[in-house]
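Undergrad: Structure incoming, see below.
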Amino acid sequence: MTTRRLQLPDGYQFTRTLRSLLVVGHDPCGTLDDRDFRLSARTPEGPGALHLARVGAELTATGHGPGAAWLVDRADAIAGLRDDLGDFPALAAAHPLVARLAKTFSGVRFPASGQIFHRLIRAILEQKVTGVEAHRAYRKVVRHFGEPAPGPAGLVLPPDPRAVAATPYWAFHPFGVEQRRTQALQRAALVADRLERCADGAEATRRLTAIPGIGPWTAAEVIRTTYGDPDAVSVGDYHIPNTVAWALAGEPRGTDARMLELLKPFTGQRGRVCELLAAGGISAPRFGPRMPVRSFARF
């Protein structure tokens, strides 16, 4: 067991910062409440689990298992404490809504987990389906492939890429995942070791988008929380272009091109603006039917 203590900045928002690392509702690989965050991981040094405990302005990081030292060493990054707002306050001041949200959520930071494949599983399963469907599939996949994580929390390790790659695509149907997403996941699993060794988010984006079935949206979803990239924009999202157009220009509908145009003044922090709009509950007016929740378990 390895332990480290970290000082928190004024106004730091613990749960809002860390919840992006877990699936909404229940995540077999982690837990989060007002004072405690737990996360399992397959680190370069072996399986491990991290516990972040908040007491006042101090965070205690405790690692378990062979990967304990690796996790504790980057505990500050996982907690978002390496996230530098830089010139964002000045950029935010240019738009009244963004300025207000930046002030309200000034204590929210971008975590950097350093774990590409685990986040990539979620992102691929979230492609062009509802959140309910994607998160249900994620939990089933993790439980099927998962192994007990080190430590006392009863967590499950993220799936081993080798096991995912060796499983026939039709075995994913009971999890609610069709052939297209399964094959994208398995292609990524085959090169997971190289993905984990990427030096930065730019290299990881290039490698990710070179894999068939992984485009800019999936790459941005991964890079934003793996590397803590505040500029990563999920181009191709079903809702975000409309949200940005509505929030920044009062337009009820927007395209990817229009979204990027409106976000240009915030270059370097565009992903942070999108996250602030989501945190503030900003959404464009809805028209038409919602996307249905589907099941592939019977096929």
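Undergrad: Would you tally the residues in the range 48-92 being of a type outside the set (Gly, Ala, Ser), closer than 30 Å to residue 265 by Cα and surrounded by fewer than 23 Cβ atoms within 10 Å (Cβ to Cβ)? Before you say what the answer is, go through the steps one by one.
TA: So the first thing to find is which residues in the range 48-92 are of a type outside the set (Gly, Ala, Ser), and the list is 50-52, 54-55, 58-60, 62, 64, 66, 70-74, 76, 78, 81-85, 87-89, 91.
Remaining after also requiring closer than 30 Å to residue 265 by Cα: 76, 78, 81-85, 87-89, 91.
Restricting the remaining residues to those that are surrounded by fewer than 23 Cβ atoms within 10 Å (Cβ to Cβ) gives 76, 81-85, 87-89, 91.
Final tally of qualifying residues: 10.
Undergrad: Moving to a separate point now. Select from the range 191-230 the residues that are in contact (Cβ under 8 Å) with a residue 60 or more places away in the chain, over 23 Å from residue 165 (Cα atoms) and not basic (Lys, Arg) and list them in ascending order.
TA: Within the range 191-230, 225, 227, 228, 229, 230 meet the criteria.
Undergrad: Are any residues in the range 141-184 of a type in the set (A, V, I, L, M) and more than 19 Å from the chain's Cα centre (by Cα), and if so, which ones?
TA: At the first step, the residues of the range 141-184 found to be of a type in the set (A, V, I, L, M) are 141-142, 149, 153, 155-157, 163-166, 171, 177, 184.
Of everything in the range 141-184, those that are of a type in the set (A, V, I, L, M) and more than 19 Å from the chain's Cα centre (by Cα) turn out to be 149, 153, 163, 164, 165, 166, 171, 177.
Undergrad: For the range 203-212, name all the residues that are surrounded by fewer than 12 Cβ atoms within 10 Å (Cβ to Cβ) and outside any loop (DSSP other than H, G, I, E, B).
TA: Residues of the range 203-212 that are surrounded by fewer than 12 Cβ atoms within 10 Å (Cβ to Cβ), as a first pass: 206, 210, 212.
Scanning the range 203-212 gives a single hit, 206.
Undergrad: Which pairs have Cβ atoms under 8 Å, sit 6 or more apart or on different chains, and link a residue in the range 79-101 that is within 23 Å of residue 225 (Cα to Cα) to one that is hydroxyl-bearing (Ser, Thr, Tyr) and not in a loop (DSSP other than H, G, I, E, B)?
TA: Pairs found: 79/17; 80/17.
Undergrad: From the list 153, 112, 134, which one is assigned by TED's automatic domain parsing to the domain that holds residue 274, surrounded by 15 or more Cβ atoms within 10 Å (Cβ to Cβ) and part of a helix (DSSP H, G or I)? Write out each step before concluding.
TA: Numbers: 153 fails: part of a helix (DSSP H, G or I); 112 fails: part of a helix (DSSP H, G or I).
Residue meeting the stated conditions: 134.
Undergrad: Of 278, 247, which residue is more than 25 Å from residue 116 (Cβ to Cβ) and at pLDDT 95 or above? Reasoning before the result, please.
TA: On the way: 278 fails: more than 25 Å from residue 116 (Cβ to Cβ).
None of the others qualify; the one that does is 247.
Undergrad: Right, next: Condition first: assigned to a loop (DSSP other than H, G, I, E, B) and surrounded by fewer than 15 Cβ atoms within 10 Å (Cβ to Cβ). Now tell me which residues in the range 161-177 satisfy that.
TA: Within the range 161-177, 166, 168 qualify.
Undergrad: Which pairs turn up if I take residues in the range 1-20 that are on the phi < 0 side of the Ramachandran plot and look for partners that are basic (Lys, Arg) with beta carbon separation below 7 Å, at least 6 apart in sequence or on another chain?
TA: Here the result reads 14/54; 17/109, each pair linking the range 1-20 to a residue that is basic (Lys, Arg).
Undergrad: Return the residues of the range 45-65 that are within 13 Å of residue 152 (Cβ to Cβ) and of a type in the set (Ser, Thr, Tyr); say none if nothing qualifies.
TA: 62
Undergrad: Let me ask something else about it. Quick check, is residue 35 among the basic types (Lys, Arg) and either within 19 Å of the chain's Cα centre (by Cα) or more than 24 Å from residue 231 (Cβ to Cβ) (or both)? Working first, answer last.
TA: Numbers: among the basic types (Lys, Arg): yes; either within 19 Å of the chain's Cα centre (by Cα) or more than 24 Å from residue 231 (Cβ to Cβ) (or both): yes.
Here the answer is yes, as residue 35 does meet what is asked.
Undergrad: Going through the range 48-99 one residue at a time, which ones are part of a loop (DSSP other than H, G, I, E, B), within 23 Å of residue 277 (Cβ to Cβ) and not aliphatic (A, V, I, L, M)?
TA: 80, 83, 84, 86, 87, 95
The values are calculated or read from the model by the stated rules, or taken from the named source; none is laboratory data. The structure displayed is predicted, hence computed values, not measured ones. When we count neighbours, we look across all protein chains shown, and the Cβ atoms used for this are built from the backbone with ideal geometry, even at glycine.
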